[in-house]
Each structure stands twice: as C-alpha cells, then as structure tokens.
Amino acid sequence: MSTTLEQAREELRRRQGAGARYDAADAPARELAWARTGTAYFARKLNELTDEDLFGPSLLPGWTRAALVAHVGYNARALTRLCEWARTGVETPMYASTEQRNAEIDRGATLPARALRNLFAHAEVHLNVEWRDLTDHQWDHEVRTAQGRTVPARETAWMRAREVWVHAVDLDNAGSFRDFPADLLDELLADVVRAWARRPEAVEIVLAPADRGEQVTVGEGTGPTVTGTTADLVRWLTGRGARRLTSTTGELPKIPRWF
C-alpha cells in the first residue's frame with residue numbers, strides 16, 4: 001500500500017515528538033518555502049566566503065559584505081518583532097527609527113566574522129520559531145512595515161523571501177538570479193511593478209520575458225519594449241544591473257528604484 005504525502009507528514013511528526021513546531025494550516029506555504037530555500041541559498045553563498053572575504057565589498061555601493069550580512073541578520077530580527085506583534089497584539093515595530101536601523105547595521109558590520117555568521121544563523125532560527133507559533137487567525141493580524149505600510153503578518157514571509165534571495169546575489173560570490181525558482185522570479189517582477197504603483201511612479205514600459213508566454217505592460221503601453229529572460233529582467237528591475245537585455249528604442253529606459 002502506497003504512503004500518501006499526508007501520511008508521510010504524520011509519520012514525521014510522530015517521530016519528531018510533541019515538542020516540534022509546525023506551520024499553521026493557513027500559513028503562506030509558498031512564500032515560506034521561498035524564504036526557507038532562500039535562506040539556505042544565502043547560507044551556502046555565505047559559507048563559501050572566507051572570514052577575510054566578509055570584509056570586502058559587496059555589490060551594494062558603499063556596503064561591505066559584513067554590513068550586508070549584518071543587515072540580513074537584523075532584518076530577520078525585525079520581522080520576528082512583527083510576528084510577535086501579530087501573535088501578542090502588543091505593538092512591536094520593525095525598527096524604532098531609520099537612525100536606529102542604520103546604526104544597528106553600522107555596528108553589525110564591525111562584528112568579528114564568527115559573530116556575523118552566528119547572527120545570521122540564530123536570527124533565522126528565531127524567525128522560524130515565531131512563524132510556526134502563529135495561528136491561522138494570527139497570520140492575518142495587521143502589522144506595519146518599516147515603510148509605513150499596514151499589511152497582514154503573512155506578508156513577512158514574502159518580505160523575507162525577497163530579502164535573502166536578492167541579497168545572496170549582492171554578496172558578489174557567484175550568486176545569480178538564474179538560480180532563483182521560476183515562480184519566485186515572476187513574483188519579484190510583479191513586486192517591483194506593485195512598488196512603483198504604490199508610490200506612484202510614472203512608468204511607461206513593456207516587459208517581454210523571452211522565457212514566458214506573456215508580456216507585462218506597465219503604464220499605458222506606450223513605452224519601449226524591453227526583452228530578455230525573466231532572470232535578467234528581474235536583475236535590472238531590482239537595480240542590480242542590466243545584462244543581455246534589448247530595447248525597441250536601442251537604449252534601456254531609466255526606471256525608478258524598487259524600494
């Protein structure tokens with residue numbers, strides 16, 4: 001008799017015991033999967049760096065890799081605070097202020113390499129504990145992002161997913177948008193377009209992913225068409241540079257920032 005997926009899960013839970021934590025049934029499974037695989041991807045690229053490498057430049061202008069690792073670690077702490085807010089009802093913002101956030105990263109960038117690696121690992125574990133402690137109902141409790149948006153707590157999974165995947169490339173250690181899952185690339189592209197619409201930005205452009213069946217029109221459709229793989233389009237849209245892209249006007253148009 002074949003074992004179903006649900007039976008396999010129940011057997012795993014039996015072996016792990018009563019103290020193990022699991023995601024609620026209504027947790028954002030897709031986004032959590034992206035966040036966790038992205039964390040593993042970031043960890044792999046981080047582990048490939050020597051301690052000396054950590055204090056070299058990242059792909060973010062003016063940022064060392066150490067500052068980037070500190071930022072990713074403290075981002076997990078900040079998202080953990082949002083989950084605590086959703087779970088307890090006690091307001092716990094991501095950061096006390098922009099100044100506090102920046103000072104935290106600056107201090108983190110001076111930590112020894114071992115401490116930076118531990119910060120990343122421990123913060124990730126704490127965030128996962130908070131995610132698994134959220135009930136179905138609590139996933140929909142509203143919290144506030146550092147940008148001032150009011151969102152359900154389930155948004156934290158997507159916020160973390162894009163953070164770890166994109167910043168893994170920023171480590172400048174052979175990470176590539178071509179390593180990203182296809183559906184994650186699609187969501188990142190959509191996320192950039194949503195960010196422009198929220199501000200709002202006057203953007204006229206048609207995105208033509210060569211590996212997809214449909215184009216994405218931003219604005220009224222009067223702008224140039226930019227063609228490339230979805231990975232290369234997302235690289236460009238997220239501000240990580242243009243490669244292997246073509247435009248019907250001969251030059252790539254200027255586009256607004258993502259965040």
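Numerical summary
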{"read-out": "In the range 201-235, residue nearest to Glu251 (Cα to Cα) [restricted to those that are of a type in the set (A, V, I, L, M, F, W, C) and assigned to a strand (DSSP E or B)]", "value": "Val226"}
{"read-out": "The one condition in (1) modelled with pLDDT under 95; (2) more than 17 Å from Thr145 (Cα to Cα) that Arg44 fails to fulfil", "value": "(1)"}
{"read-out": "Pick from the range 123-155, criterion open to solvent by 60 Å² or more (accessible area, probe 1.4 Å) and part of a helix (DSSP H, G or I), ranking: nearest to Trp85 (Cα to Cα)", "value": "Asp140"}
{"read-out": "Selection status of Thr230, hydroxyl-bearing (Ser, Thr, Tyr) and touching a Gly at 6+ places or on another chain (Cβ under 8 Å)", "value": "no"}
{"read-out": "The range 194-252: number of residues that are over 30 Å from Ser58 (Cα atoms) and among the acidic types (Asp, Glu)", "value": "3"}
{"read-out": "Failed criterion for Thr222 (all others in (1) farther than 25 Å from Arg77 by Cα; (2) open to solvent by less than 70 Å² (accessible area, probe 1.4 Å) hold)", "value": "(2)"}
{"read-out": "Meets criteria (surrounded by fewer than 17 Cβ atoms within 10 Å (Cβ to Cβ) and under 16 Å from Met159 (Cα atoms)) for Pro93", "value": "yes"}
{"read-out": "Residues of the range 225-255 classified as hydroxyl-bearing (Ser, Thr, Tyr) and open to solvent by less than 60 Å² (accessible area, probe 1.4 Å), total", "value": "6"}
{"read-out": "Test set (1) surrounded by 14 or more Cβ atoms within 10 Å (Cβ to Cβ); (2) out of contact with any Gly (no Cβ under 8 Å at 6 or more places or on another chain); (3) part of a loop (DSSP other than H, G, I, E, B) - Trp258 fails condition number", "value": "(2)"}
{"read-out": "Ala24 being closer than 15 Å to Val125 by Cβ, hydrophobic (A, V, I, L, M, F, W, C) and surrounded by 12 or more Cβ atoms within 10 Å (Cβ to Cβ)", "value": "no"}
{"read-out": "Test for Ala43: is it open to solvent by less than 70 Å² (accessible area, probe 1.4 Å), touching a Lys or Arg at 6+ places or on another chain (Cβ under 8 Å), within 17 Å of His167 (Cβ to Cβ) and not polar (S, T, N, Q)", "value": "no"}
{"read-out": "Single unsatisfied condition, Ala174 versus (1) of a type outside the set (S, T, N, Q); (2) outside any helix (DSSP H, G or I); (3) in contact with a Pro (Cβ under 9 Å, 6 or more places away or on another chain)", "value": "(3)"}
{"read-out": "Residue tally, condition part of a loop (DSSP other than H, G, I, E, B) and out of contact with any strand residue (DSSP E or B) (no Cβ under 6 Å at 6 or more places or on another chain), over the range 236-252", "value": "10"}
{"read-out": "Considering residues of the range 166-190 that are open to solvent by 10 Å² or more (accessible area, probe 1.4 Å) and farther than 25 Å from Gln215 by Cα only, the residue nearest to the chain's Cα centre (by Cα)", "value": "His167"}
{"read-out": "Whichever residue in the range 98-122 is acidic (Asp, Glu) and open to solvent by 60 Å² or more (accessible area, probe 1.4 Å) and, among such residues, is farthest from Phe42 (Cα to Cα)", "value": "Glu99"}
{"read-out": "Residue in the range 233-241 that is in contact with an Asp or Glu (Cβ under 8 Å, 6 or more places away or on another chain) and without any contact (Cβ under 8 Å) to a residue 12 or more places away in the chain present", "value": "no"}
{"read-out": "Checklist (1) open to solvent by 60 Å² or more (accessible area, probe 1.4 Å); (2) of a type in the set (Ser, Thr, Tyr); (3) in a helix (DSSP H, G or I) applied to Thr80, failing item", "value": "(1)"}
{"read-out": "Candidate set from the range 48-76 (those that are of a type in the set (Val, Ile, Thr) and over 23 Å from Glu155 (Cβ atoms)); member that is least open to solvent (accessible area, probe 1.4 Å)", "value": "Val69"}
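The values are calculated or read from the model by the stated rules, or taken from the named source; none is laboratory data. In this text the structure is predicted, and so the values were computed from the model without any measurement. Methodologically, a virtual Cβ is constructed for each residue, glycine included, from the backbone with ideal geometry; neighbour enumeration extends over all protein chains shown. Ligands, DNA and RNA are excluded from the accessible area calculation, which covers all protein heavy atoms including side chains. Shrake-Rupley method; radii C 1.70, N 1.55, O 1.52, S 1.80 Å.
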